[in-house]
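K.L.:
Here it is, the structure, as structure tokens.
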Amino acid sequence: MEAKQRILAGALGGFVSTFVLSGLRKGLAAVGAVFTTAPEQVIGRLEELGLLEAFSLRARRALTLAAHFAYGTAIGATFGALRRTDEEPESDTAAELQGDRDDMVTEAAVGATLGVLSWGASWAGLLPIVGVHPAPWTQKTPRAILPVLDHAVYGAAWGLIYWILTRRRA
């Protein structure tokens, strides 16, 4: 599979996985476990800098949502660029079907790993450097652990969606 196709499949997987992440966050927010998200923190930082003074509250919310999905889509595209796919055609034998299940589990695990790595790059690297929030090791445990969890879920969902989009059918 060509890089362009992998990137496109990755971007689509990232977009859809952002819905999965959003659902998880809504559930965690309902029990009071989620704090502000990275896109909310970025928009908050832009507000602190006075860069969004002309924007209404509704426009800021739309900007936060757009930033959330743009980030999820861009990360998914990056994941797609990093992944390779098996070019062998599939068949319907029992061994091949077991291989499909194994491949699906592998993609979910790889996706979860990539999700956690993206958390590390963003939450532990980029966002503290630009002053959006403090480094995770300076925060209380739930503030650092929950974003790791939701990035792992995002990545696992991405891996499954990517697997569906890229597997070859006989």
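The values are calculated or read from the model by the stated rules, or taken from the named source; none is laboratory data. This structure is a prediction, so every number in the text was calculated from the model and none was measured. Cβ sites come from the backbone with ideal geometry, for glycine too, and all protein chains shown count toward neighbours.
K.L.:
Given the condition of a type in the set (A, V, I, L, M, F, W, C), farther than 30 Å from Asp103 by Cα and at pLDDT 85 or above, answer yes or no: does some residue in the range 8-19 qualify?
P.N.:
No - not one qualifying residue is present in the range 8-19.
K.L.:
What pairs come out if I take residues in the range 93-117 that are modelled with pLDDT of 90 or more and assigned to a helix (DSSP H, G or I) and pair them with residues that are exposed (fewer than 15 other Cβ atoms within 10 Å of the Cβ) and not small (Gly, Ala, Ser) whose C-beta lies under 8 Å away, six or more apart or interchain?
P.N.:
Leu114/Leu82
K.L.:
Here's a follow-up. Test Ser122 against the stated conditions and say whether it is hydroxyl-bearing (Ser, Thr, Tyr), part of a helix (DSSP H, G or I) and either modelled with pLDDT of 80 or more or over 25 Å from Ile43 (Cα atoms) (or both).
P.N.:
Criteria met by Ser122.
K.L.:
What residue, among those in the range 18-75 that are of a type in the set (Asp, Glu) and part of a helix (DSSP H, G or I), is surrounded by the fewest Cβ atoms within 10 Å (Cβ to Cβ)?
P.N.:
Ranking the qualifying residues of the range 18-75, first place goes to Glu48.
K.L.:
Take the range 54-64 and flag every residue that is modelled with pLDDT of 90 or more and either within 19 Å of Ser118 (Cβ to Cβ) or among the charged types (D, E, K, R) (or both).
P.N.:
Matches in the range 54-64: Arg58 only.
K.L.:
Counting just the residues of the range 121-160 that are touching a residue at least 40 places away in the same chain (Cβ under 8 Å) and farther than 16 Å from Thr37 by Cα, which one comes out surrounded by the fewest Cβ atoms within 10 Å (Cβ to Cβ)?
P.N.:
Restricting to residues being touching a residue at least 40 places away in the same chain (Cβ under 8 Å) and farther than 16 Å from Thr37 by Cα, the top hit is Leu160.
K.L.:
Oh, and also: Restricting the first residue to the range 12-35 and requiring it to be under 12 Å from Asp150 (Cα atoms), which pairs with a second residue that is modelled with pLDDT under 85 and outside any helix (DSSP H, G or I) meet a Cβ separation below 7 Å and a spacing of at least six or different chains?
P.N.:
As it stands, the answer is Arg25/Val34; Arg25/Thr37; Leu28/Val34, since those pairs meet every condition given.
K.L.:
Turning to a different aspect of this structure: Sort out which residues of the range 125-163 are among the hydrophobic types (A, V, I, L, M, F, W, C), assigned to a helix (DSSP H, G or I) and either over 15 Å from Ala77 (Cα atoms) or at pLDDT below 80 (or both), and write them in order of number.
P.N.:
Matches in the range 125-163: Leu126, Leu127, Ile129, Trp137, Ala144, Ile145, Leu146, Val148, Leu149, Ala152, Val153.
K.L.:
On to the next question. Being assigned to a helix (DSSP H, G or I), of a type outside the set (Phe, Trp, Tyr) and within 14 Å of Trp163 (Cα to Cα) is the filter; apply it to the range 78-92 and report the residue that is modelled with the lowest pLDDT.
P.N.:
Among those residues, the one meeting the criterion is Leu82.
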